[in-house]
Structures are given as C-alpha cells and as structure tokens.
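What follows is one structure encoded as structure tokens, with my remarks underneath.
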Amino acid sequence: MKFYSTNNANASFRDKNKSFSFEQAVMMGLAEDGGLFMPESLPEIEKDFFTRLEKISFREIAFRIAEIFIGQEISLSNLADIINDAINFPAPLHKLNNEISILELFHGPTLAFKDFGARFMAKTMGYFVSKEGEELNILVATSGDTGSAVAYGFYGTPGINVFILYPKGKVSLIQEKQLTTLDKNITALEIDGTFDDCQRLVKTAFVDKEICSRMRLSSANSINIARLLPQSFYYFESYKQIENKKNKIIYSVPSGNLGNLTAGLIAKKMGLPINKFIGAANSNSVFTDFINSGSFTPRPSVQTLSNAMDVGNPSNLIRIRNLYSDLLGDIQNDIYSVSFDDVTTKEAIKELYDKFGYIIDPHGAVGYLALKDYLEKFNSDKYQSVVLETAHPAKFKDVVDEVLSVSVEIPERLAACLSKKKRTVELSSDFEEFKNYLLNKS
Ligand SMILES: *Cc1c(COP(=O)(O)O)cnc(C)c1O
C-alpha cells in the first residue's frame with residue numbers, strides 16, 4: 001500500500017512521485033508539504049472474514065487489517081511479532097442493556113485508548129530503526145495523555161530515545177507520575193511554560209538546521225499514520241462482540257483531534273457494517289458546527305472536564321474530508337455530531353451509575369450523552385449501539401469521586417507508578433536552552 005499527503009489529495013491529478021511507502025510515512029510523520037498521510041486505497045475486506053469473525057482472535061483481526069496496509073513491506077512473521085507486542089491487552093464490550101454497550105479501550109498500560117496507537121507506532125518504528133541502523137530521537141509535546149501513552153509505548157525500544165515536553169504544574173498528578181517515572185530511553189522535560197510553549201519548542205527543533213544535521217528527529221503525535229491505522233482494529237474487534245447484529249449499528253466516539261473517529265470511518269470504508277458514527281464533543285464544538293453547517297471555523301480551545309477532547313482545530317478533519325472527497329452530504333450521512341457542557345457531563349456520569357451501576361469517565365460520559373441525544377431524535381429505528389470509553393475513570397478520579405460520592409479504585413498498573421520517584425530535566429521555555437540540551441545529547 002502506498003500513502004499520499006492530504007495536501008496532494010486529488011487522485012486524478014496526483015503526482016505519482018509523491019507517493020510514499022508505509023516506512024516513509026511513519027518515519028516522516030508529516031509530509032513535506034505539511035499534509036497528513038493517508039492510504040491510497042481502502043480495500044474492502046473479503047466477505048469470508050466477516051462470516052468467520054466470531055472465531056477470530058483480536059490479534060488475528062489486527063493482523064489481517066495490518067497486512068492489507070503493510071503486508072508488502074514487512075515480512076508476515078515480523079508483522080505478527082509487531083502485532084503480538086502491540087495488541088497485548090483486550091478491548092472488551094461491556095453490555096449496559098440489550099441495546100447499549102460500552103467498548104472499554106482503557107485496558108492498556110496508561111489506561112487510555114491511545115495505548116493502542118502508541119504501542120503499534122512504537123513497535124513499527126522500532127522495526128524500521130533496527131533495519132535502517134540509525135538512532136532515532138522522538139520529540140513529543142504533551143498536555144497529559146498523549147505523552148504517557150507514547151512514553152510507555154516506546155519504553156525499552158532499542159535505538160529510539162524519547163523526549164517528552166510537558167508544561168510544569170499544568171498536568172494532573174497522575175499524568176505527571178506516568179510521564180516522569182520511566183527510565184531507560186525515556187526523558188521527561190519539565191518546561192517552565194504552557195503546552196503551547198512545549199509545542200513551539202518541538203516545532204522549532206524540527207526546522208532547526210543544526211539540530212537536524214546532528215540528530216535524526218521524528219515526532220510521535222496523533223497525526224502519525226502508524227497511530228491511526230491500529231485504531232481501526234478495535235472497531236472490528238468490538239463489532240465481533242455485538243450479539244444482535246441485525247439492528248442498525250451506531251458507534252459514539254468521544255472526539256477531540258478526531259483520530260479515533262477517522263479510524264472508525266476507515267473500518268467502515270473497508271466493509272465493517274456500521275450505519276452511523278456519532279462525533280461526541282464537549283464545549284469545544286468546532287466539529288459539531290462543521291457537521292451541522294459545513295463551515296469549519298477553528299478557534300482557541302476551552303478547558304473542560306473531558307480535557308483530552310479540548311481541541312479547537314482538530315487536525316484529522318482533513319482526513320475525514322478526504323475520505324468523503326469533501327462532499328458534505330456524504331459526510332452527514334455517516335456522521336452525526338453534538339456537544340455537551342461539563343454540567344451535563346457530570347449528570348451523565350451520575351445517570352450511568354444510578355441506572356446501570358457503571359462508572360464512566362468524563363470522556364465516555366460525553367459519548368453516552370451524544371448517543372442518547374441521537375436515539376431520542378431518531379427513534380423510529382431499532383439500534384445496537386456502542387459507546388467508546390476512551391479512558392479509565394481512575395484517571396479522572398477527582399471528578400468521578402466527587403460526582404458519585406465513591407472512591408474509584410485505582411488499577412494496579414497505575415498505582416505502581418504513583419509510588420515511584422519523579423525524574424525530570426527542568427528547562428525554561430527558551431528555544432536556545434532546549435537546543436543546547438538536545439545538542440549535548442547528540
Ligand atoms: C485523546 C483522547 C480523546 C480524543 O480522541 P481523538 O482521537 O483525538 O478524537 C478522547 N478521550 C480520551 C481519554 C483521550 O485521551
């Protein structure tokens with residue numbers, strides 16, 4: 001499979017020289033023209049795959065999908081190793097009742113769905129780095145969740161050093177512990193500034209000639225194609241677990257940068273019979289506004305309880321538009337979107353607990369609200385619905401405990417890092433200081 005840049009999207013006019021291998025796309029992260037990589041085609045999976053689906057393991061499902069995209073570039077035995085390493089935790093469907101289920105995507109090391117993408121990206125990059133034989137340095141700016149998934153994904157990968165920049169005093173205690181308690185090839189840089197400063201430092205480093213001539217750099221943020229593709233695996237895996245597949249099937253996806261939703265749409269294009277996707281948003285409603293009006297107006301993000309969805313300019317929107325050749329009607333056919341504020345989100349956390357005894361985190365709660373909204377508006381059909389639960393409620397213990405008057409139990413894998421000592425390198429938000437630090441490491 002070849003990959004193209006979203007800035008070179010028109011298939012009829014596409015410059016054939018601007019076609020990239022998976023290896024190039026993964027290692028570059030972003031295309032030279034600033035676009036995001038997308039597969040040149042999304043082949044439909046053979047019918048037989050769906051008839052056998054219930055007998056196929058999660059890893060086998062992942063392998064089949066991955067094979068379509070990278071089977072020509074990575075030997076099947078190496079690909080199997082990558083999948084077995086990356087997909088080492090389940091994605092179970094938890095039934096609330098006969099119509100609604102929760103897809104729990106938080107069983108990975110950092111308790112959020114980003115573990116799927118981060119682990120797969122780490123394993124594929126690790127494979128390419130060992131093949132190419134040149135050390136790689138990954139710079140990531142994080143406001144919390146992305147950084148820890150990336151850090152854990154790459155932990156111990158030979159030939160790859162990871163530098164995580166996070167804003168001092170602006171991430172939660174749990175997030176900070178997750179970012180700062182790994183050793184080996186992971187270094188946490190505590191930046192005296194904001195998340196935007198962290199991002200600026202990373203972006204400036206990528207275009208700094210001196211740094212680039214002395215060290216091989218890569219980013220690992222959510223736009224990397226190696227993070228996007230594996231997120232489609234669990235749509236198939238969860239569809240497999242749906243008991244009654246005769247009704248219309250809806251997936252509600254708590255959305256920020258729209259990577260998770262894009263991966264679901266890719267699965268649908270490959271033949272997974274999902275009737276409708278819901279892009280569930282918090283008060284950052286740019287995507288909802290786009291779906292409803294067709295016009296896209298990026299704006300600064302506002303802070304909410306579901307903070308991993310606080311995005312004012314979702315980078316994957318361009319991929320969604322590409323998937324639908326920018327035809328708004330077709331996009332609206334497949335995607336519904338609605339937004340909810342924090343007060344309503346808290347009410348939903350309470351409602352799920354009172355009705356079903358289920359403890360959900362604020363992101364999943366937004367997904368549940370959006371689903372309910374859809375079901376109330378379009379109530380003439382029978383549906384089988386799935387809400388993606390993107391993080392474990394213990395990651396948002398303060399809010400959840402307060403709303404439910406309970407004490408959410410902290411899973412062992414999270415508790416373990418809370419007792420470890422924080423280790424960081426403290427830097428100002430000045431680029432020259434950051435640059436000197438990096439160059440001393442090269
Ligand atoms: C990143 C994240 C989201 C948003 O996912 P996108 O792919 O950026 O839309 C939702 N929930 C949680 C917990 C996240 O970490």
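Derivation of every value follows stated rules applied to the coordinates shown; laboratory data play no part. Just so you know, these numbers come straight off a predicted model, no measurement behind them. As a convention, Cβ positions derive from the backbone with ideal geometry for all residues, glycine included, and neighbour counts pool all protein chains shown.
Once the gyration tensor of the Cα atoms in region 107-173 is diagonalised, the equivalent ellipsoid follows with semi-axes of 23, 14, 7 Å, ordered largest first.
Remark: region 277-380 projects, on average over all directions, an area of 7.0 nm² (convex hull of Cα atoms). When all alpha-carbon pairs of region 1-138 are counted, what percent fall beyond 18 Å? Tail of P(r) above 18 Å: 65 percent of Cα pairs.
Report the far tail of the P(r) of region 350-434, meaning the percent of Cα-Cα pairs longer than 23 Å.
47
Volume per residue of the convex hull around the Cα atoms, evaluated for region 136-180, comes out as 58 Å³.
Under the 0.36 nm per residue contour assumption, what length would be gained going from the current alpha-carbon distance of residue 351 and residue 18 to full extension? Kindly include the intermediate steps, with their values, before the conclusion.
Numbers: separation 333, 0.36 × 333 = 119.88 nm, distance 5.09 nm.
Contour length minus Cα-Cα distance gives 114.8 nm.
What fraction of the Cα pairs in region 201-312, stated in percent, has a spacing above 26 angstrom? Can you show the working numbers first?
Details: 2274 of 6216 pairs.
Roughly 37 percent, rounded to a whole number.
Distance from the C-alpha centroid of region 89-107 to that of region 276-318: 24 Å, rounded to the whole angstrom.
For the pair residue 59 and residue 299, a Förster radius of 56 Å applied to the C-beta separation gives a FRET efficiency near 0.85, rounded to the nearest 0.05.
Hey, with R₀ at 51 Å, roughly what FRET efficiency would residue 431 and residue 382 work out to, going by the Cβ-Cβ distance, to 0.05?
Working: r = 57 Å, r/R0 = 1.12.
The formula returns an efficiency of 0.35 here.
Region 239-336: which trypsin sites (Lys or Arg not before Pro) are DSSP loop and have at most 11 other beta-carbon atoms within 10 angstrom? Numbers along the way, then the final one.
Details: sites: 240, 245, 246, 248, 268, 269, 276, 319, 321; in loops: 245, 246.
For trypsin sites (Lys or Arg not before Pro) across region 239-336 that sit outside H, G, I, E and B with at most 11 neighbouring Cβ atoms in 10 Å, the list reads 246.
Between residue 415 and residue 242, the contour length at 0.36 nm per residue exceeds the Cα-Cα span by 59.1 nm.
For the chain, the Cα-based Rg and Dmax, in that order, read 20.9, 65 Å. Ranking 271, 295, 233 by how far each Cα lies toward the positive end of the dipole of region 230-324 (charges on Cβ) leaves 271 at the top.
Once the chain from residue 81 to residue 173 is taken as fully extended at 0.36 nm per residue, the excess over their C-alpha distance is 29.7 nm.
Hey, what D do you get for region 1-79 in µm²/s if you plug the Kirkwood alpha-carbon radius into Stokes-Einstein at 4 °C and 1.567 mPa s? This corresponds to a translational diffusion coefficient of 92 µm²/s.
Using Cα pairs under 8 angstrom and six or more residues apart, how large is the relative contact order of the chain, in percent? Don't jump to the answer; show the numbers that get you there.
Numbers: 826 pairs, mean separation 79.4, N = 442.
Computed value for the chain: 18 percent relative contact order.
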